[in-house]
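Heads up: the structure comes next, in structure tokens.
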Amino acid sequence: MFTTRVTQLFGIKHPIICGGMQWVSRAELVAAVANAGAIGFLTALTHDTPEALRAEIRKTRALTDKPIGVNVTLMPTAKPVPIDAFFDVALGEGVDAIETSGRITEAQVARIKQGKAKHMHKVARVRDAVTAQRMGVDAVSIVGFECGGHPSMEQIGTVVLGPQTVDAVSIPVIVGGGFGDGRGLAMALAMGADGVLMGTRFMATRESLVHANIKEWMVQAKETDTAFIQASIRNPARVMRNKRAEQVMEMEAKGTTLEQLLPLISGLHGRKALTEGEIDAGTVACGQAVGFTRDVPTVKELVDRIVSDAEAMVKRVGAMAG
Ligand SMILES: Cc1cc2nc3c(=O)[nH]c(=O)nc-3n(C[C@H](O)[C@H](O)[C@H](O)COP(=O)(O)O)c2cc1C
């Protein structure tokens, strides 16, 4: 058992956070993460309407009585998103935690503070962690270049960003990007962080509703099977290295425009890949932790394994120091 500022902040057993994953973090996965003693986040943007998010929160509540969260992603989108209404629903439903990512405003931080939810903001640069602390968030998560989703343009790895963020802020820090096993949790705590953030590893669990083809692809994939794309349009992303991602990389290498890329990188194609199992249908967020994703356990098996392996690792290193 590890007790940290993060377990205390969110009222959870283990300092493990499953970051919100669009299309992936559905009620079944988030409830399983909660029941395993960690915390997960439904994603508002998976839903077309605030009422659909409300229904998903209620569905999750029916599956667990443990703390749950909602992710509200504040990144540029092709079509307008009812962000304020998503916040109203999540806070009105009394969720325990809100994870934001992207460009947050003072007004949004103040709005979240009016509810009972603890607020974790996700950043990919140390200076943005400092800004988030100044704006008043309760905790900050920092993701390195290895992460699935959106690393920063600066391409700095987790091992460098984690300790620097811990040094730069006094609020709890959760470190993410490339974690997926007990060594990772031990490493995160040794960096001085209060918890670990994982997305990719939780995709390949039994309760994650992504198509079996995607899980099988992940089990077979190596650490080299992700691609860093979209830097040319200043919206960098790490994704599965499938045919679609390779096509995007080729276009970017030759020189391309946002208008030319949009039809390829549309989230709807990514959703098709994730839910229908057509691997090459779209670009799909996926981090380098896929390299050591070797099985598809239940969420509880995964969390228990991570915690007991981390405890063993801490003892091993402690014995060396002793
Ligand atoms: C399939 C997938 C979808 C994601 N969608 C989102 C999202 O909608 N919003 C967000 O803030 N982060 C998103 N992320 C990032 C995760 O919340 C988390 O920060 C990241 O996965 C941590 O790094 P890891 O992949 O190395 O574990 C996504 C990640 C994956 C793998």
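Some notes on this structure:
- Estimated 222 nm signal from helices in the chain, with DSSP H stretches of n ≥ 4 weighted -39500 (n - 2.57), rounded to 500: -13000 deg cm²/dmol
- Around the amide H of Ile68, modelled in the peptide plane, lie the amide H atoms of Asp96, Ala97, all under 5 Å away and 5 or more residues distant in sequence or on another chain.
- Amide H contacts of Ile156 (H built 1.01 Å from N, in plane; Pro and chain starts excluded): Phe145 sit under 5 Å, all sequence-distant by 5 or more or on other chains.
- Mean separation of Cα contacts under 8 Å, 6 or more apart, over the residue count of region 217-319: relative contact order %: 32
- Whether the chain is rounded, prolate or oblate, judged on the alpha carbon gyration tensor where a/c under 1.5 counts as rounded: rounded
- Placing +1 on the Cβ of every Lys and Arg and -1 on the Cβ of every Asp and Glu, with nothing else charged, gives region 5-208 a dipole about its Cα centre of roughly 160 debye.
- For the residue pairs Lys13/Lys66; Lys13/Lys118; Lys66/Lys272; Lys122/Lys300; Lys122/Lys243; Lys215/Lys243, alpha carbon separations beyond 20 Å are given by Lys66/Lys272; Lys122/Lys300; Lys122/Lys243.
Coordinate-derived values only; no laboratory data. Bear in mind the structure is a predicted one, so any value in this text is a computation, not a measurement. Methodologically, a virtual Cβ is constructed for each residue, glycine included, from the backbone with ideal geometry; neighbour enumeration extends over all protein chains shown.
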